1. Take the conditions touching a residue at least 24 places away in the same chain (Cβ under 8 Å) and not assigned by TED's automatic domain parsing to the domain that holds residue 52 and apply them to residue 149. Does it pass?
2. Residues that are closer than 19 Å to residue 128 by Cβ: which helices (runs of 4 or more DSSP H) entirely in segment 1-115 hold 1 or more of them?
3. The conditions are (1) within 15 Å of the chain's Cα centre (by Cα); (2) buried (at least 20 other Cβ atoms within 10 Å of the Cβ), and residue 173 fails exactly one of them. Which is it?
4. Residues 129, 188, 141, 165: which one is crowded, with 24+ Cβ neighbours inside 10 Å and either assigned to a helix (DSSP H, G or I) or in contact with a strand residue (DSSP E or B) (Cβ under 9 Å, 6 or more places away or on another chain) (or both)?
5. Got at least one residue in segment 154-162 being assigned to a strand (DSSP E or B), modelled with pLDDT of 95 or more, in contact with a strand residue (DSSP E or B) (Cβ under 6 Å, 6 or more places away or on another chain) and crowded, with 21+ Cβ neighbours inside 10 Å?
6. If residue 227 satisfies all but one of (1) surrounded by 15 or more Cβ atoms within 10 Å (Cβ to Cβ); (2) modelled with pLDDT under 95, what's the number of the condition it fails?
C-alpha cells in the first residue's frame, strides 16, 4: 500500500494557510502562494532546481508579486519564520492514524510516496509519529523521477516486494496520484476530501476519507484474488 503524505495524511494546506496568514496579517494570499509553488516545484521535478533553492526563489517571487521590495536576507528571514510557524501548526487528519493502524494490523506493507523534499518529509513523519508505520519512504528527488511517472510507482513496488497489480496508491491529487498509479498498473485511489466536482477517469476509485479505505481495499483485492487480512 502506497500513501501520499501532504493533504493525504497530514493537513498540510491548512497549516500552510495559517502560517502564511500569520506572517502577512491577511488570509487571502494562499491561492497565489499555491500557483507560485506549483511552478517552482515543477522545476524541481524536472531537475532544474534543488529544493533549497526552490524555497528561496518561490518566496522571493511571491513577495515580488505582492509588490514587496526585499533583498536576500529578507527572503531568508521570511522563510525561517514561515517554516517555524508551519512546523508548529502541522497536524494529522483525524482519520490518518486509525487507517494506518488498520493497515498494519492487516499485515499490509506500507510506503510513503512523495514528490516533496525528502528532509522535510522525513522530519514531518517523525515529528507526527508516522515514521513507525512505513516500511519504505520514496522521495522523488532520491528516486530520480516523480509521480505520476510509472517508474516511481514501480520502484516502490519493488521495494515492497510486490507486483504493481498487488498494490494500491492513495493520494489527494487526481492526476498525480490516482491516475498515475492506475496507469502504472496499481489500484489508483483518489482521496477527495472536498467533494470536488471533477470527472473521475475510468479505473480510478474515489473515497472522501481514509476511514473508507479499508473496506475499499478488502473488496477490491478480494475481487482480483489478492488476500487482505480482516
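The values are calculated or read from the model by the stated rules, or taken from the named source; none is laboratory data. Keep in mind that what you see is a predicted model, and the values were worked out from it rather than measured. We place every Cβ from the backbone using ideal geometry, glycine too, and count neighbours over all the protein chains shown.
1. Working: touching a residue at least 24 places away in the same chain (Cβ under 8 Å): yes; not assigned by TED's automatic domain parsing to the domain that holds residue 52: yes.
Answer is yes for this residue.
2. Fully inside segment 1-115 and qualifying: 12-24, 72-89, 96-105.
3. Status for residue 173: all satisfied but (2).
4. Details: 129 fails: crowded, with 24+ Cβ neighbours inside 10 Å; 141 fails: crowded, with 24+ Cβ neighbours inside 10 Å; 165 fails: crowded, with 24+ Cβ neighbours inside 10 Å.
Just a single option satisfies the conditions, and that option is 188.
5. Within segment 154-162, not a single residue is assigned to a strand (DSSP E or B), modelled with pLDDT of 95 or more, in contact with a strand residue (DSSP E or B) (Cβ under 6 Å, 6 or more places away or on another chain) and crowded, with 21+ Cβ neighbours inside 10 Å.
6. Of (1) surrounded by 15 or more Cβ atoms within 10 Å (Cβ to Cβ); (2) modelled with pLDDT under 95, only one is false for residue 227: (1).
A quick yes/no check of all residues on (1) out of contact with any strand residue (DSSP E or B) (no Cβ under 7 Å at 6 or more places or on another chain); (2) surrounded by fewer than 16 Cβ atoms within 10 Å (Cβ to Cβ); (3) within 30 Å of residue 181 (Cα to Cα); (4) not assigned by TED's automatic domain parsing to the domain that holds residue 56:
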| site | (1), (2), (3), (4) |
| --- | --- |
| 72 | yes, yes, no, no |
| 85 | yes, no, no, no |
| 98 | yes, yes, yes, yes |
| 101 | yes, yes, yes, yes |
| 109 | yes, no, yes, yes |
